[in-house]
Amino acid sequence: MDAVAALKALRAPEGCPDPNPLYAAMHAHGRGAVAIDVREHNYDAVAYGYDTVNQVLRNPDLRVVDGELLDMGKSNWRASPALFTFFHSMLFSNGADHTRFRKLFAGAFTPRRTAALEPGIRRIVSDQLDALAKQGADGRPVDFMPFAFKVPSDVLGELVGLPEEDRDWYRDRALAVHHALELGVGPDGAPGDAALELTAYFERLVALRRAEPRDDLISSIIQSSDADGGRLSEAELCANLIVLFNAGFLTTTHLIGNGLNLLFEHPEHMARLRAHPDLTGQYVEEFLRIEPSIHFVARWAAEPTEVGGVPVPARGRVLVLFAAANRDPGRFPEPEVFDPDRPDLVPLSFSGGAHFCLGAALTRLEAGIVLPMLLERFPDLARAEPPGPRMHLALRGYERLMVTI
Ligand code: HEM
């Protein structure tokens with residue numbers, strides 16, 4: 001199978017149960033990128049080699065999909081509140097706007113603030129382990145995914161400063177907004193109500209915290225923005241808060257679910273990690289490499305450029321396959337083998353360059369707390385049946401992972 005045929009299979013409308021042989025077929029092709037027919041694929045090139053993907057992410061001529069690109073097409077994205085929100089956030093902006101958003105958020109979401117979340121994360125994990133223990137106390141299989149779902153959303157609530165009583169309400173709307181991304185860029189069916197409700201929610205919370213600041217992320221961002229003459233408009237502030245929560249939510253859920261399933265598939269590693277919880281960090285990196293929650297992102301060329309030797313015209317689009325890069329045999333020998341002892345284990349799952357994941361340190365902290373606590377609490381934890389299928393690549397994880405505790 002050549003690289004283009006592999007790409008076709010990867011993007012099959014019915015979904016992709018196992019992309020890994022397709023990534024292997026691309027690497028067998030040899031180069032790190034290939035040109036494709038834009039009329040058929042909507043992209044001009046696909047990057048899949050480790051070095052090529054790394055260069056693409058750091059190439060300033062290659063931008064994240066933004067409002068400027070959509071305005072050149074027929075998209076009526078401004079009519080969709082969910083898409084309007086996304087395209088006023090750092091994740092989907094470039095240049096001066098991106099720098100403005102990112103600086104403000106990075107200035108508040110500091111290593112100190114991340115580290116300070118540790119006791120809160122331990123409390124949340126402990127509460128959710130209690131709930132899981134109760135559910136599975138009679139020995140019947142229980143679904144692990146609601147745990148993997150609840151923990152990150154509560155942690156994000158803690159980080160952002162959402163009052164505890166609002167968190168379930170908030171999470172349901174965050175999920176609805178998320179579907180706008182899965183649906184692709186188009187106003188049809190994008191759930192506008194949830195985006196409007198979340199914006200209205202943050203408008204109220206921002207006003208409250210402006211009047212009475214607390215030691216939370218929202219208060220800190222408001223203070224920095226106001227001190228600088230309103231560096232962020234109210235709409236931009238709300239959009240970025242919504243996107244921060246969404247970017248950190250299901251990504252972490254699936255890291256936890258995919259990671260636990262890998263341990264079930266490798267019982268020798270499960271036993272080793274139980275005996276040596278201090279190794280959790282390198283296990284998390286290998287989970288991120290071999291089963292990342294996000295398989296790809298897109299970029300577009302502001303100026304004519306090239307990707308791994310493939311020319312990309314101005315306005316050309318590039319599909320950036322992190323998940324394939326993480327399985328580049330030139331970078332990670334025997335890439336299909338789960339091996340947390342790999343030297344120089346640096347997967348590209350958190351992207352790179354200007355848009356490198358703002359929450360990577362929090363993810364690592366959270367996973368580093370969840371796994372040891374879970375394994376310690378349930379010495380007999382076992383998988384009850386193979387996990388539910390995974391079909392999506394934009395966000396890849398199991399809907400169901402039945403376990404006995
Ligand atoms: C397993 C967990 C996670 C994965 C795999 C992940 C992955 C990513 C990726 C691939 C990007 C870059 C997208 C691009 O280059 O176009 C990104 C950006 C981002 N992530 Fe994460 N993420 C995770 C967790 C988190 C968490 C916990 C948070 C927040 C607390 C977070 C907040 C963000 C933000 C705000 C951005 C946008 C940065 C920018 O555009 O400058 N992420 N993430």
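The values are calculated or read from the model by the stated rules, or taken from the named source; none is laboratory data. Just so it is clear, the structure is predicted and the values come from calculations on it, not from any experiment. Cβ placement follows ideal geometry from the backbone for every residue including glycine, while neighbour counts extend to all protein chains displayed. For the accessible areas, the whole protein counts, side chains as well, though only heavy atoms, and no ligand, DNA or RNA atoms are used. Shrake-Rupley method; radii C 1.70, N 1.55, O 1.52, S 1.80 Å.
Odds and ends about this structure:
- Within the option set R173, R123, being modelled with pLDDT of 95 or more and either in contact with a strand residue (DSSP E or B) (Cβ under 9 Å, 6 or more places away or on another chain) or more than 11 Å from the ligand (Cβ to nearest atom) (or both) holds for one residue only, R123.
- Restricted to helices (runs of 4 or more DSSP H) entirely inside region 64-180, those with at least 1 residues that are within 27 Å of L381 (Cα to Cα) are 118-135, 145-160.
- Applying the criterion of at least 2 residues that are within 20 Å of E40 (Cα to Cα) and within 16 Å of the ligand (Cβ to nearest atom) to the strands (runs of 3 or more DSSP E) found wholly in region 302-347 leaves 317-320.
- When R364, R390, R377 are checked against the criterion of being open to solvent by 50 Å² or more (accessible area, probe 1.4 Å), within 16 Å of the ligand (Cβ to nearest atom) and either under 20 Å from the mean Cα position of the chain (by Cα) or modelled with pLDDT of 95 or more (or both), a single residue qualifies: R364.
- Remark: pairs (first residue in region 78-91, modelled with pLDDT of 85 or more and of a type in the set (G, A, S); second residue within 12 Å of the ligand (Cβ to nearest atom) and not in a loop (DSSP other than H, G, I, E, B); Cβ separation under 6 Å; 6+ apart in sequence or on different chains) = S89/A239; S89/N240; S89/V243.
- Region 97-155, subset over 14 Å from T404 (Cα atoms) and aromatic (F, W, Y), residue most open to solvent (accessible area, probe 1.4 Å): F149
- All positions within region 351-361 that are assigned to a loop (DSSP other than H, G, I, E, B) and either modelled with pLDDT under 95 or surrounded by fewer than 21 Cβ atoms within 10 Å (Cβ to Cβ) (or both): S351, G352, F356, C357, L358
- Residue match in region 33-46 (condition: in a helix (DSSP H, G or I) and at pLDDT 90 or above): no
- Test for T252: is it open to solvent by less than 10 Å² (accessible area, probe 1.4 Å) and within 13 Å of the ligand (Cβ to nearest atom): yes
- Being more than 15 Å from the ligand (Cβ to nearest atom) and either loosely packed, with under 14 Cβ neighbours inside 10 Å or within 20 Å of S89 (Cα to Cα) (or both) is not true of E236.
- Single residue of region 280-300 satisfying the filter (more than 16 Å from the chain's Cα centre (by Cα) and either within 8 Å of the ligand (Cβ to nearest atom) or open to solvent by 10 Å² or more (accessible area, probe 1.4 Å) (or both)) that is nearest to P343 (Cα to Cα): Q282
- S225 meets all of the listed conditions (1) near the ligand (Cβ under 9 Å from one of its atoms); (2) open to solvent by less than 10 Å² (accessible area, probe 1.4 Å) but one, namely (1).
- Region 12-27 - residue that is exposed (fewer than 15 other Cβ atoms within 10 Å of the Cβ) and in contact (Cβ under 8 Å) with a residue 24 or more places away in the chain and, of those, farthest from D51 (Cα to Cα): E14
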